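Quick notes on the structure that follows.
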Amino acid sequence: MNDKGLDPAVRSILEAARDRSGRGDERLSVHARSLAAAIERAESDGRVPIVAEVKPTSPTTDGVRTDDPVELAQQMVDGGATAISVLTEPDHFDGSTAALARVREAVSVPVLRKDFVVREEQLDAVEADLVLLIARFVDELDELVSAALDRGLQPIVEVHDRAELRRALATETAVVGINNRDLASLEVDLTTVERVAAVEDPSLRQALDDVTLVAESGVSTPADVRRMREAGADALLVGSAIMDGDVAANTRALVNAERAVETDDADTASEVDAA
């Protein structure tokens, strides 16, 4: 587990994750809702596939949002979200497995458990459709991916650089997330997805093309959405930009990012024709 040079907040989160058993009452066996199918439905509807995140707080945000997580998730779905991400890390994000369980019961879209999962037993803490596994913090990544799949969970393997991407693509995962946020410094750089996804090696390129690619962190505007999509993202995971204000409206604005451009282009063409 590579935790050298980490921001103190991230180091504290990892220490808490290592101490947390996370074991549920029994080994999970999940009938998961398919993220790939949900993305396909969004695309066919003309929506950008957005994984909207219920995030009460984080080390990079101010204050705590105390709304009912279920109400927030339902507003996100009303706004067109393809899937919902729920923070379950309790000490630094004010999340809980109980909140995720309630959200998953209330919505029909796939639900991602976002946490710092570092051991197999922690997979059994709560039923979800997807689980985040951060490559940097998992030594035996292939084994943890396999353990998640054995339970019916869909792992999203998060990476931040090309070396981690290679590790992720060497596993059985069908979903890879590229995080624009450097967990060592907590700084965000949208060029991360663009650089890491710009694969030229033919075998690595094919492997990347065969998985669902999710862009994570730093997306705030429709322009950011379009930029990540142009970089190859099949879906985007968005938290703070949705949680800050009207959740349904914020989700809707990002979901319709590409549709808005098409409308603008059509209006421009009409003006040219009229002239």
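Any chance you could check the Cα centroid distance between the stretch 9-45 and the stretch 76-93 for me, in angstrom?
Rounded to whole Å, the Cα centres lie 11 Å apart.
Got a number for the accessible area of Leu141? Probe 1.4 Å, square angstrom, nearest 10.
Here the accessible area works out near 10 Å².
Quick one: what are the phi-derived ³J(HN,Hα) couplings along the stretch 207-218, Karplus 6.51/-1.76/1.60 with θ = phi - 60°, whole Hz, x for glycine and proline?
4, 5, 5, 7, 10, 7, 9, 10, 8, 10, 6, x
Please turn the phi angles of the stretch 106-120 into ³J(HN,Hα) values with the Karplus equation 6.51 cos²θ - 1.76 cosθ + 1.60 (θ = phi - 60°), one per residue in order, whole Hz, x for glycine and proline.
8, 10, 9, 8, x, 10, 9, 8, 9, 7, 9, 8, 10, 9, 4
Test of understanding: given the chain, find the longest segment containing no GluC sites (Glu not before Pro) that are in a DSSP loop and have at most 15 other Cβ atoms within 10 Å. Each step should come with its number before you reach the end.
On the way: sites that count: Glu26, Glu140, Glu172, Glu187, Glu200.
In the chain, the maximal stretch lacking such sites is 27-139.
List every residue whose amide H lies under 5 Å from the amide H of Ile134, counting only residues 5 or more places away in sequence or on a different chain, with H placed 1.01 Å from N in the peptide plane.
When sequence neighbours closer than 5 places are left aside, the close amide H contacts are Val117, Glu158.
Taking R0 as 22 Å, what FRET efficiency do you get between Glu258 and Glu200 from their Cβ-Cβ distance, rounded to the nearest 0.05?
So the FRET efficiency works out to roughly 0.25.
Explain nothing, just the number: dipole magnitude of the chain about its Cα centre with +1 on each Lys and Arg Cβ and -1 on each Asp and Glu Cβ, in debye rounded to the nearest 20.
Roughly 420 debye for the chain.
Keeping every protein chain in place, order Arg136, Arg195 by accessible area at 1.4 Å, biggest value first, i.e. largest first.
Descending order: Arg195, Arg136.
With a 1.4 Å probe and every protein chain kept in, tell me what percent of the accessible surface of the chain is carbon plus sulfur. List each step's numbers first, then the result.
Numbers: 5460 of 12190 Å².
Reported share for carbon and sulfur atoms: 45 percent.
Using DSSP, restrict attention to beta bridges with both residues in the stretch 42-274 and report what percent are antiparallel, rounded to the nearest 5.
Of the beta bridges lying entirely in the stretch 42-274, close to 5 percent run antiparallel.
Tell me, what is the percent relative contact order of the chain, built from C-alpha pairs under 8 Å that lie six or more residues apart?
Details: 533 pairs, mean separation 59.0, N = 275.
Reported as a whole number, the value is 21 percent.
Would you mind computing, in nm to one decimal, how far apart the modelled labels at Asp161 and Ser44 are, each placed 7 Å from Cα along Cα→Cβ?
That separation, rounded to one decimal, is 4.2 nm.
At q = 0.14, 0.15 Å⁻¹, what log₁₀ I(q)/I(0) does a Debye calculation on the Cα points of the stretch 20-105 give, no solvent, two decimals?
With one equal scatterer per Cα and no solvent, log10 I(q)/I(0) is -0.58, -0.66.
I need the phi-derived Karplus couplings for the stretch 41-57: 6.51 cos²θ - 1.76 cosθ + 1.60, θ = phi - 60°, integer Hz, Gly and Pro marked x.
So the J values, rounded to whole Hz, are 5, 4, 4, 5, 8, x, 9, 6, x, 10, 9, 8, 10, 7, 10, x, 6.
Might you tell me the accessible area per residue for the stretch 42-274, computed with a 1.4 Å probe and given in Å²?
41
Dipole of the stretch 170-227, Cα-centred, from +1 at each Lys and Arg C-beta and -1 at each Asp and Glu C-beta, to the nearest 20 debye?
With only Lys, Arg, Asp and Glu charged at Cβ, the dipole is about 180 debye.
The values are calculated or read from the model by the stated rules, or taken from the named source; none is laboratory data. What you are looking at is a predicted structure, and each value in this text was computed from that prediction instead of being measured. As a convention, Cβ positions derive from the backbone with ideal geometry for all residues, glycine included, and neighbour counts pool all protein chains shown. Please note that ligands, DNA and RNA were not included when accessible areas were found on the heavy atoms of the full protein model with its side chains. Shrake-Rupley method; radii C 1.70, N 1.55, O 1.52, S 1.80 Å.
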